[in-house]
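Structure, as structure tokens:
The values are calculated or read from the model by the stated rules, or taken from the named source; none is laboratory data. Since we're looking at a predicted model, the values are computed, not measured. Here the Cβ positions follow ideal geometry from the backbone for every residue, glycine too, while neighbour counts run over all protein chains shown. Remember, those area values only see protein heavy atoms, side chains included, never the ligands or the DNA or RNA. Shrake-Rupley method; radii C 1.70, N 1.55, O 1.52, S 1.80 Å.
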Amino acid sequence: MRRSPRLWRPSSRFVWASIAAAGLVALPVLSLGLTALSPAASSIWPHLVANVIPDALANTVMLLAGVGLLCSLIGVGTAWLVTQYEFPGRRAFEWLLVLPLAIPTYLTAYIYVEFLGFQGPLQAALRAVTGYRSLRDYWFPDPRNLAGAIFVMGIVLYPYVYLSVRALFGLQSATIVESARTLGAAHGTLFWRIGLPMARPALVAGLTLALLETLNDIGATEYLGVRSLTLSIYTTWLNRGSLAGAAQISCVMLLLVVALIATEARLRGARRFTLSVRQPRAVGRRLLSGRIALAASAACALPLLLGALLPMGFLLQEVLTRGLLHQFDMALLRNLLNALLLSAGAALIVVALGLGIVAAGRLGRETWLPALARTASLGYALPGTVLALGLLVPLAAFDNLVADTVSALFGVNPGLILIGSGAALVIAYVVRFLSIAISGIQSGLARISPRIDDAARALGSSSGEVLRQVHWPLARPAIAAAALLVFVDCLKELPATLLLRPLNVDTLATIVYGHASRGMFEDGALAALLIVIAGLYPAIILARAGGTKG
């Protein structure tokens, strides 16, 4: 008798987690492509090419260039100061400079418009001192433009560059630097000829994360009047009712993301440096004194003041002086509970999937598992608006299929199960932030020798028992940190939350956005302050660990 062909069986049950995660990330991209190529989209494309895409693309490119330049200047400059020199406050600045990561870009935009506005404290103080009465009497910078958007995003996103470059500067061998100093190299020569070239891979990696966050933003660009690709997707979909047109703009934006990632890979791979097998001796910091030491302290204090202390102080002052603590009522508690439940649910799923993907890479024998893990990590590169648009069509189709089937069998219409319950939003969170869990868990499991896995398997333990009894206890701190980072990022996420949240369901981010859209951001200061407080602890964890997410 001829034997029936044997069905494929994975070498580890965790391989299914890698397959599911990669498929989940690929789903919105495939959906966008099909929607953009649909017959209904053919008549919209000429209008988009003529009237929408050129200006939006030009604004987006200029925004990315400006934010990238500002993040590089602040991030690299402060990282070089805290790793190479000793000056007053250096130890505190080393971790305080990460605090702007706790504040979302859209909150910073709302705060600076209020702070720099005509009724804001800065202009009020200026009029009180000079006696001016109206804007006709003096000139004052307006943040509602492209330059304002570059400034707001740059002072919030520079810690991505700072953390990456600081880690590389700290690993430089003292032998190289001391040899250069012996040969007469000045401070500037050490930076341009040794420090910066060796840190270039880290600079490019951190800069890519900052630019991806810039692409994801919708609240700041909309509020500051910059018509970016992200904002064009949002307005084309919701204001003009054209899903196909929004999908076509999303595909243009995806091409920009692919170009950004390809450039990052090319620049990082073009030049590589290796360290000695032995632990290199750290570079001794040069002691600064006098005016130079004060200038170094001021250079580190200024981005900290503009990116963290001023926004936090403004929110706290608004809450206290306006008596907004009375807003902490049942309505705010309900919205806070919505945000906590959605974020906690997504964090649990993300960590479970990430743990399965990393375990599959360690315990599985399939050669294509690393490619699946890389695919699953690409969700962070998808802006929230693009991700929401890509998930809407397949999830709505699934909801309609289930509703039609249940209605035909039982005569009951269950409604929109995924989109109407918040499950669609959780799925979007999972796709977008899965890379954070994969990166964090990989760093935790990398400290566990593969020989321990082999010994456990030789003693008869299954892959599930190895994960439960070996990996989980040893990597638990890294897993907990990854879960915390995912939780807070879900709490702050605005674009996907705006587009996929169920009707009559608000979170802290959407409350703040709603107040700002009505020109009354100060009324949402309490919700904004809660978001900032939630982001402080993960930012401090990143500062202490000296690494970046994603």
- Query: Lys/Arg Cβ at +1, Asp/Glu Cβ at -1, dipole of the chain taken about the Cα centre: which of Leu355, Pro370, Leu387 is farthest positive-ward?
  - Reply: Pro370
- Query: Peptides 439-446, 384-391, 472-479: what's the order by average Cβ count within 10 Å, highest mean first?
  - Reply: 384-391, 439-446, 472-479
- Query: Which order do His471, His47, His326, His515 take when ranked by solvent-accessible area (1.4 Å probe, heavy atoms of all protein chains), largest first?
  - Reply: His326, His47, His515, His471
- For region 29-75, which whole-number percentage of the solvent-accessible area (1.4 Å probe, protein heavy atoms only) is attributable to carbon and sulfur atoms? 79 percent
- Item | Helical segments meeting 20 Å axial Cα length and Kyte-Doolittle 0.5 threshold in the chain (DSSP H) | 15-36, 53-84, 146-171, 196-216, 243-270, 290-304, 330-363, 384-410, 423-445, 472-492, 525-545
- Solvent-accessible area per residue for the chain (1.4 angstrom probe, square angstrom): 47 Å²
- Query: What is region 1-149 by shape, rounded, prolate or oblate, if you read a ≥ b ≥ c off the alpha carbon gyration tensor as root eigenvalues and call it rounded for a/c under 1.5, prolate for a/b larger than b/c, and oblate otherwise?
  - Reply: oblate
- Kindly identify region 312-427 as rounded, prolate or oblate by the Cα gyration tensor criterion: order the square roots of the eigenvalues as a ≥ b ≥ c, call it rounded if a/c is under 1.5, otherwise compare a/b with b/c, prolate if a/b is larger, else oblate. oblate
- Note on the structure: From most to least accessible, 1.4 Å probe, no ligand or DNA/RNA atoms counted, Leu57, Leu418, Leu48 line up as Leu57, Leu418, Leu48
- Task: Please report, as a whole percent, how much of the solvent-accessible surface of region 329-382 comes from carbon and sulfur atoms (probe radius 1.4 Å).
- Result: 71 percent
- Under the helix-only model (-39500 (n - 2.57) for each DSSP H run of 4 or more, divided by the residues of the chain), the mean residue ellipticity at 222 nm, to 500 deg cm²/dmol, is -22000 deg cm²/dmol
- Note on the structure: Among chymotrypsin sites (Phe, Trp or Tyr not before Pro) in region 1-90, those in a DSSP loop whose Cβ has at most 16 other Cβ atoms within 10 Å are Trp8
- Task: Take the solvent-accessible surface of the protein heavy atoms, probe 1.4 Å, and return the percent of it on region 432-550 that carbon and sulfur atoms account for.
- Result: 57 percent
- Solvent exposure, largest accessible area first (probe 1.4 Å, DNA, RNA and ligands not counted), of Ile533, Ile103, Ile452: Ile533, Ile452, Ile103
- Task: Specify whether the C-alpha gyration tensor of region 399-550 places it in the rounded, prolate or oblate class, a ≥ b ≥ c being the square roots of the eigenvalues: rounded for a/c under 1.5, otherwise prolate if a/b is larger than b/c and oblate if not.
- Result: oblate
- Task: Note the full-extension length gain between Ile292 and Thr375 as 0.36 nm times their separation in residues minus their Cα-Cα distance, in nm to one decimal.
- Result: 25.1 nm
- Message: I'm spelling it out carefully: the read-out is semi-axes √(5λ) of the Cα gyration tensor in Å, the candidates are [x] 48, 29, 20; [y] 34, 29, 23; [z] 38, 35, 23, and one was derived from this structure. Which label?
- Response: [z]
- Task: Work out the FRET efficiency for Leu316 and Leu474 from their Cβ-Cβ distance, taking R0 = 45 Å, and round it to the nearest 0.05.
- Result: 0.65
- Task: May I ask for the Kirkwood hydrodynamic radius of region 337-489, worked out over all distinct Cα pairs and given in angstroms to one decimal?
- Result: 17.3 Å
